[in-house]
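Just dropping this structure here.
The values are calculated or read from the model by the stated rules, or taken from the named source; none is laboratory data. Bear in mind the structure is a predicted one, so any value in this text is a computation, not a measurement. All Cβ positions, glycine included, derive from the backbone under ideal geometry; neighbour counts span all protein chains shown.
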Amino acid sequence: MKEKEIAVENVVDLKGIRGYDFIRKVDGQIEIGALATIRSIETSPLIRSEIPLLSEAAGKMGSVQVRNRATLGGNLCNAAPSADTAPPLLCLGAKAEIVDASGVRMISLEDFFVGPGKSVLEGSGLLKKIVVPLLPEQSAGFYFKHSPRKMMDLAVVGVGCVLILDGDRKKCADSRIGLGAVGPVPFRAKKAEAVINGARSPRRRSKRLQQSRVLRQNRSRT
Ligand SMILES: Cc1cc2nc3c(=O)[nH]c(=O)nc-3n(C[C@H](O)[C@H](O)[C@H](O)COP(=O)(O)OP(=O)(O)OC[C@H]3O[C@@H](n4cnc5c(N)ncnc54)[C@H](O)[C@@H]3O)c2cc1C
């Protein structure tokens, strides 16, 4: 509208819709309403303890002022390939609940993005919430954002990663890598995941993974 590419008669501000702004734990899953702000995701004690890589990614988006206004729904429905919340949510196996004239349906977030700036919503329908299954105890995750400037810059590469170790913590039972800004849509790097799956865990862990481990250990304590 600002670019005068479209002219509309009515504009609906979703931010006043009740029941779309929540962060809660339900049946072993985290549910985040589409109207939850990025700042509330960054600072939520529940998200920090249960899925710290998502609060880490939220904290790397724009400025505090932007994060105070921007919602999770807006960040995902914009369908920018560089959206910072997409890679961590993809590797967390998130699902999206969509409401439209035909009813309510739940789809995998992997199927949500269809092209740059395009989602399955195609301008009709609302994203109501994102549902994130919890990770097992022996897991770690992080979000890495590479951008030319340290602050207030879009990702040139955004990488979310989750590693789940097997019962005796010696092998990688499952790995998930979500990539942003390196293709038309955010996506899972499944060939790279297959290389890591089954690999023995290295004796010396990287500082990032150690930090992530500490976060999860703190989670077990709280
Ligand atoms: C200065 C600046 C810096 C930024 N830096 C970053 C950054 O570092 N990383 C990053 O990822 N992004 C960045 N952004 C982009 C910004 O994060 C997104 O634009 C923001 O998340 C949008 O959120 P919003 O709630 O304002 O959505 P809006 O702008 O209101 O909506 C975006 C689009 O999504 C649709 N929409 C919104 N919610 C829903 C819903 N629930 N269901 C269906 N459709 C919906 C709207 O109709 C609209 O088409 C930046 C933006 C600015 C201005």
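Please go through the stretch 22-49 and pick out each residue that is charged (D, E, K, R) and modelled with pLDDT under 95.
Asp27
Quick check on my filter: what residues within the stretch 116-169 are among the acidic types (Asp, Glu), loosely packed, with under 13 Cβ neighbours inside 10 Å and within 28 Å of Leu46 (Cβ to Cβ)?
Result: Glu137, single match.
I'd like the full set of residues that are among the aliphatic types (A, V, I, L, M) and either within 7 Å of the ligand (Cβ to nearest atom) or within 8 Å of the chain's Cα centre (by Cα) (or both), limited to the stretch 61-79.
Met61, Val66, Ala70
Sticking with this structure for a sec: If we only count strands (runs of 3 or more DSSP E) wholly inside the stretch 65-149, which ones have 3 or more residues that are of a type in the set (D, E, K, R) and assigned by TED's automatic domain parsing to the domain that holds Ser44?
It comes to 95-100.
Here's a check for you: in the stretch 129-160, which residue that is without any contact (Cβ under 8 Å) to a residue 12 or more places away in the chain and more than 9 Å from the ligand (Cβ to nearest atom) is nearest to Arg48 (Cα to Cα)?
Lys150
Return the pair list, or none, for Cβ contacts closer than 8 Å from residues in the stretch 63-80 that are under 12 Å from Ile130 (Cβ atoms) to residues that are of a type in the set (S, T, N, Q) and more than 6 Å from the ligand (Cβ to nearest atom), at least 6 apart or on different chains.
Thr71/Thr37; Leu72/Thr37; Leu72/Thr85; Asn75/Thr85; Leu76/Thr85; Leu76/Ser119; Cys77/Ser119
If you go through the stretch 18-45, how many residues are aliphatic (A, V, I, L, M) and either surrounded by fewer than 10 Cβ atoms within 10 Å (Cβ to Cβ) or free of Cβ contacts under 8 Å to residues at least 60 places away in the same chain (or both)?
Residues in the stretch 18-45 being aliphatic (A, V, I, L, M) and either surrounded by fewer than 10 Cβ atoms within 10 Å (Cβ to Cβ) or free of Cβ contacts under 8 Å to residues at least 60 places away in the same chain (or both): 6 in total.
Could you please find all residues in the stretch 80-91 being more than 8 Å from the ligand (Cβ to nearest atom) and either on the phi > 0 side of the Ramachandran plot or surrounded by fewer than 23 Cβ atoms within 10 Å (Cβ to Cβ) (or both)?
Within the stretch 80-91, just Pro81 meets the criteria.
Right, here's the next one. If I filter the stretch 108-128 down to residues being within 24 Å of Ile51 (Cα to Cα) and touching an Asp or Glu at 6+ places or on another chain (Cβ under 9 Å), which single residue comes out as nearest to the ligand (Cβ to nearest atom)?
Among those residues, the one meeting the criterion is Leu127.
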